[in-house]
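Asks: Sharing a structure with you now.
Derivation of every value follows stated rules applied to the coordinates shown; laboratory data play no part. What you see is a predicted model; the values in this text were computed from it and never measured. No Cβ is skipped: glycine too gets one built from the backbone with ideal geometry, and neighbour counts run over all protein chains shown.
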Amino acid sequence: MKDLDKTKAKLVHEITELRKRCATLKETAGEHSQLEMKIKDERDYAESIIETVREPLVVLSSDLKILSANHSFYDTFKVAPEHTVGNFIYDLGNGQWDIPGLRVLLEDIIPHTTAINGYEVDHAFLNIGRKIFLLNAREILRENIGSHIILLAMEDITERKQMEAQINQLAFYDSLTKLPNRRLLNDRLSQVMSASQRSGRYCALMFLDLDNFKPLNDTYGHMVGDLLLIEVANRLKNCVREMDTVARFGGDEFVIVLNGLNIDKAESASQAELVADKIRASLSAPYSLVIKHEGKSDTTIEHHCTASVGVSLFFNHEFNQDDILKLADTAMYQAKESKR
């Protein structure tokens, strides 16, 4: 009887303990369910924030795998979610995202600064063409799981850059010949003068005027005159180095700035005269100016044109820009008069 009572008491104890464990498990399951709901709510909240961002946005893991992206990202880069989430960002779109500038940002900059704004990337994508983006990146620590994520937002500034380039072209370049205009010439001349001060080398400015331009304009009209000016501009560019400047001063007048000649004045003068001779020879070669006629045969006009060139040497800031131009202009008119 005593053994039966002991067995009975033991069963009651075990049942009681089992009930306690069941209650604990039930409570834990409830807490786990609440935690899952909380995590889901936080995820939904984060996703809703991501979707409100107009620019393309991706969330990267610390090893640079894509965790999520907004609709703008998919629309902009023409990729599907199933080909995006879980992949390394560099592998996206058959490797078209393996951009050196992006690697520098994600691997070298962000780990040391945690955030950067306005990082410019210029890249030719396979499916959307050449684009320029401003990247804003931020590294965020998720303390609850002890890991990092990277938010990467992208602003497409391609059109803005193109407009800026067009405005710059209109402001600083001649619309006909595409050569620098007077405004850019002044800036280049200032830079060359400063470079002369640093290097101790002489520089030269050439003022050039076409000798037989007006008769062509009067006979055939401005359209043919424009064709001649375009060809003259091309020939001038082929006569000088990349470091030199060829500018259209106005009408049929051009200015050439030769940078960094020689520390000796006489040697510099000799170098400048060689370039001037090369220019005169190039411009005196015959011109074949082709006039296009819609629905008709083209007309070709043969023209001969020489040029008068005046040269002024300068060093450092011994003369101001106006004086340098006047000296070359005077030398050019003396050369023109000597031909008459």
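Asks: So if I place +1 on the C-beta of Lys and Arg and -1 on the C-beta of Asp and Glu, and nothing else carries charge, what would the dipole magnitude of the stretch 291-340 be about its Cα centre? I want it in debye, nearest 20.
Replies: About 240 debye.
Asks: Where the centroid of each part is defined by its Cα atoms, how far is the stretch 265-340 from the stretch 101-165 in Å?
Replies: The stretch 265-340 and the stretch 101-165 have Cα centres separated by 49 Å.
Asks: On to the next question. Applying a 10 Å radius around every beta-carbon, put 286-294, 226-234, 307-315 in order of their mean neighbour count, most first.
Replies: Ranked from most to least packed, the peptides come out as 307-315, 226-234, 286-294.
Asks: If you add up the charges near Ala195, with Lys and Arg at +1 and Asp and Glu at -1, over every other residue whose beta carbon is less than 14 angstrom from its beta carbon, what do you get?
Replies: Result for the local shell: +2.
Asks: Sticking with the crude label model, points 7 Å out along Cα→Cβ, report the distance from Phe172 to His148 in nm, one decimal please.
Replies: Each label point lies 7 Å from its Cα, and together they span 3.8 nm.
Asks: Right, next: Spin-label point model (7 Å from Cα, Cβ direction): what's the Val104 to Lys65 distance in nm?
Replies: Taking the two extended label points, one gets 2.9 nm.
Asks: Counting only other residues whose beta carbon sits under 14 Å from that of Tyr287, what net charge do I get with K and R as +1, D and E as -1?
Replies: Its environment carries a net charge of -4.
Asks: Can I ask one more? Please report the spacing between the Cα centers of the stretch 61-79 and the stretch 187-235 in Å, no decimals.
Replies: So the separation of the two Cα centres works out to 52 Å.
Asks: Sticking with this one: Count the net charge of all other residues whose Cβ sits under 13 Å from the Cβ of Lys131, scoring Lys and Arg as +1 and Asp and Glu as -1.
Replies: Spelling it out: positives minus negatives among the neighbours equals -2.
Asks: Given a Förster distance of 30 Å, report the FRET efficiency between Ile301 and Asp277 from their Cβ-Cβ distance, rounded to the nearest 0.05.
Replies: Calculated value: 0.65.
Asks: Past the 20 Å Cα-Cα mark, which pairs from Lys278/Lys336; Lys278/Lys339; Lys131/Lys161; Lys178/Lys278?
Replies: As for pairs spanning more than 20 Å Cα to Cα, those are Lys178/Lys278.
Asks: Could you work out how much longer the chain between Leu126 and Asp75 gets when fully extended? Use 0.36 nm per residue separation minus the Cα distance between them, nm to one decimal.
Replies: 16.9 nm
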